[in-house]
Amino acid sequence: MDKHAKIYIAGHRGLVGSAILHKLIHHSYTNIIYRTSQELDLCNQDGVKNFFAAEEPEYVFVAAAKVGGILENHTYPANFIYNNIMIQSNIIHAAYQYKVKKLLFLGSSCIYPRLAPQPIKEEYLLTGELEDTNASYAIAKIAGIKMCQGYNRQYGTNFISIMPTNLYGPHDNFDLTSSHVLPALIRKFHEAKINHLPSVEIWGTGKPRREFLHVDDLADACLFLMKEYEENGPINVGVGKDISIRELAKLIATVVGYPGEILYNPAMPDGTPRKLLDISKLEALGWNSKIKLQDGINSTYHWYLNTLEV
Ligand code: GFB
């Protein structure tokens with residue numbers, strides 16, 4: 001991918017897309033294109049086709065997706081399956097039609113079976129039942145992986161799929177009903193601190209374990225894999241370590257400086273008990289994450305504080 005190659009980032013305003021955009025600018029890529037959802041509705045097949053016909057991008061990062069935390073996924077399964085299948089199918093098919101040199105599709109660690117052996121290897125895909133709270137999202141993402149593989153086999157395209165673990169960082173969603181756990185807890189502890197509340201409620205039992213990757217590390221991995229990875233199957237991207245939600249809550253309370261009590265609400269869903277990715281394939285290629293969880297939470301908290309001051 002030379003520095004003047006035409007690169008399209010789908011979803012450049014989101015958590016992942018904005019981090020990829022910054023990474024490409026930082027690495028002096030000069031010909032990056034993107035559209036807001038008002039300018040281009042990615043669910044509209046003709047719109048996407050016309051955009052590819054007019055722009056003819058050489059490389060594509062598919063970072064556009066309908067995403068959300070456990071409650072949002074569980075409450076709106078139709079939105080998750082419809083929007084994700086439409087967005088990714090339109091982009092992947094247009095990328096084939098307009099001869100994109102290489103496309104990177106972003107999946108998610110929730111594509112793997114709910115009770116997969118840990119750490120989760122890429123080959124565990126489709127070997128067991130999915131987690132019910134996010135099955136619609138997972139099915140859509142699995143369809144995206146299979147679409148990339150199918151197009152590679154039938155049409156000789158170069159479409160790769162990468163599976164990041166749970167992500168966090170600047171430009172995340174901090175809405176308390178639709179967000180993922182990490183931004184939700186930053187906000188909950190911050191609001192409890194400034195309002196001098198005696199306790200904060202955490203969903204579920206606090207026992208599930210999750211692996212958290214800072215989105216700047218993910219963007220670095222995306223650029224690395226766009227250059228280095230050519231295989232037809234998906235590749236995991238993670239940090240190689242997980243933490244319980246209970247431990248995460250304590251860590252965030254410490255970073256935010258909240259001294260009160262942490263309560264658990266087992267009436268809310270726990271989701272998958274554990275989701276730790278096996279990253280040996282990625283490590284063998286020579287990539288490792290750099291941002292430590294505590295440092296990443298600290299910088300994300302400061303990013304969140306800045307958004308409150310604007
Ligand atoms: O991050 P999260 O929403 O998604 O929840 P998943 C992770 C864990 O944190 C669950 C608990 O056990 C939640 O019950 N949790 C505790 C909370 N307090 C909170 C809170 O205030 N907000 C939230 N959101 N969680 C998602 C999938 O699953 O993972 C998506 O739904 C996606 O499809 C994403 O794949 C990576 O890790 O359970």
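The values are calculated or read from the model by the stated rules, or taken from the named source; none is laboratory data. It should be emphasised that the depicted structure is a prediction, and the values quoted were computed from it without experimental measurement. Every residue, glycine among them, receives a Cβ derived from its backbone with ideal geometry; neighbour counts consider all protein chains shown. Accessible surface is based on the protein model in full, side chains and every heavy atom, while ligands, DNA and RNA are left aside. Shrake-Rupley method; radii C 1.70, N 1.55, O 1.52, S 1.80 Å.
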Segment 152-310: antiparallel DSSP beta bridges as a percent of all, rounded to 5: 20
Cα-Cα over 32 Å, subset of LYS141/LYS193; LYS49/LYS227; LYS146/LYS250: LYS141/LYS193; LYS146/LYS250
Inter-probe distance in nm under a simple model that places probes 7 Å from Cα toward Cβ, at THR30 and GLU230: 2.8
Shape of segment 94-178, Cα gyration tensor, a/c cut at 1.5: oblate
Spin-label pair GLU55/SER280, simplified geometry with 7 Å Cα→Cβ offset, distance in nm: 4.0
Accessible heavy-atom area order of THR254, THR133, highest first, probe of 1.4 Å: THR254, THR133
Largest-first principal axis extents of the Cα set of segment 1-149 (Å): 44, 30, 26
Rounded to the nearest 20 debye, dipole of segment 1-158 from Cβ charges on Lys, Arg, Asp, Glu: 380
GLY240 long-range amide H proximity, modeled H, under 5 Å: LEU277
Beta bridge orientation in the chain: antiparallel %, DSSP, nearest 5: 10
Positive-end residue of SER109, ALA249, GLY286, charge dipole of the chain with Cβ unit charges: GLY286
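What FRET efficiency, computed as 1/(1 + (r/R0)^6) with R0 = 41 Å and r the Cβ-Cβ distance, is obtained for MET268 and ASP46, rounded to the nearest 0.05?
Rounded to the nearest 0.05, the efficiency is 0.50.
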Under the span-like rule (Cα at least 27 Å along the axis, Kyte-Doolittle mean at least -1.0), DSSP H helices of the chain: 77-97, 135-155
Pairwise Cα inverse-distance average, inverted: Kirkwood Rh of the chain (Å): 19.9
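Per 0.36 nm of contour for each residue apart, how much would the distance between LYS99 and ASN79 grow if the chain were fully extended, relative to their Cα-Cα spacing?
Full-extension gain reported as 4.2 nm.
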Sites THR205 and LEU251, calculated FRET efficiency, Cβ-Cβ separation with R0 25 Å, nearest 0.05: 0.90
Sequence-separation-based contact order of segment 7-116, relative, with Cα cut under 8 Å and 6+ spacing, percent: 32
Separation of alpha-carbon centers, segment 202-230 and segment 175-200, rounded to whole Å: 22
Accessible area per residue in Å² at 1.4 Å probe, computed on segment 52-159: 43
222 nm mean residue ellipticity, helices alone, for the chain (DSSP H n ≥ 4; -39,500 (n - 2.57); rounded to 500): -14000 deg cm²/dmol
In nm, spacing of pseudo-spin labels at GLU129 and LYS193 (7 Å Cα→C-beta vector): 4.1
Segment 125-264, relative contact order [Cα under 8 Å, separation at least 6], %: 33
Accessible surface of the chain, 1.4 Å probe, proportion on carbon and sulfur as whole %: 51
Theoretical gain in end-to-end length, GLU39 to LYS292 [0.36 nm per residue, Cα-Cα removed]: 87.4 nm
